[in-house]
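Read-outs: derived from the displayed coordinates by stated rules, not from any lab. Small disclaimer: the values here were computed from a predicted structure and weren't measured. Using ideal geometry, Cβ is built from the backbone for each residue, glycine included, and neighbour counts are taken over all protein chains shown.
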Amino acid sequence: MEYLNTLTTYDLSALAHYPLVVFVIFGLIATTLTQSSSVTIAITLATLYAHGISLIAAMAVVLGSEVGTTLKIILASLNGPSVKKSSLWQSNFNGFTLLLAYIFIKPTYHLIKKTL
């Protein structure tokens with residue numbers, strides 16, 4: 001039980017003043033490193049539950065994690081020309097949906113906060 005006393009805690013409240021695009025980039029990098037958006041979303045939900053980040057920051061991390069999965073598709077496209085066309089479409093689609101969701105993230109956040 002002595003190891004519990006050696007655990008380090010981090011105060012993530014200092015991140016609250018960063019713009020949302022930083023959280024989107026964090027989600028993209030975290031998903032790229034873990035190769036799993038599910039892992040990134042699970043960590044984000046745990047951090048949100050522990051009041052480590054705000055709801056809108058968590059929403060931005062999830063957006064970034066969905067685009068982070070595109071890297072696998074881009075790497076797979078290096079194998080052949082037929083895969084390049086589908087990876088281009090997938091990358092464009094994910095980029096467009098990220099842009100669209102990012103535009104509506106604050107209205108969605110306010111709608112959620114109003115209904116809670």
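Against the chain, whose longest principal axis comes from its Cα atoms, helix 37-49 is set at around 20 degrees.
Normalised by the residues of the chain, what does the relative contact order come to in percent, with Cα pairs under 8 Å and at least six apart? The partial results should precede the final answer.
Values: 107 pairs, mean separation 30.1, N = 116.
That works out to 26 percent.
For the stretch 52-99, the equivalent ellipsoid derived from the alpha-carbon gyration tensor has semi-axes of 28, 11, 4 Å in decreasing order. Taking chymotrypsin sites (Phe, Trp or Tyr not before Pro) in DSSP loop conformation with at most 15 other Cβ atoms inside 10 Å as exposed sites, the chain has its longest uninterrupted site-free stretch at 11-103.
A simple charge model with +1 on the Cβ of Lys and Arg, -1 on the Cβ of Asp and Glu and nothing else charged puts the dipole of the chain at about 480 debye relative to its Cα centre. A straight Cα-to-Cα reach below 26 Å connects K85 with the lysines K72, residues fewer than 8 places away in its own chain not being considered.
Simple rule: put +1 on each Lys or Arg Cβ and -1 on each Asp or Glu Cβ in the chain, find the dipole, and look at T32, A76, W89; the Cα lying farthest toward the positive end is W89.
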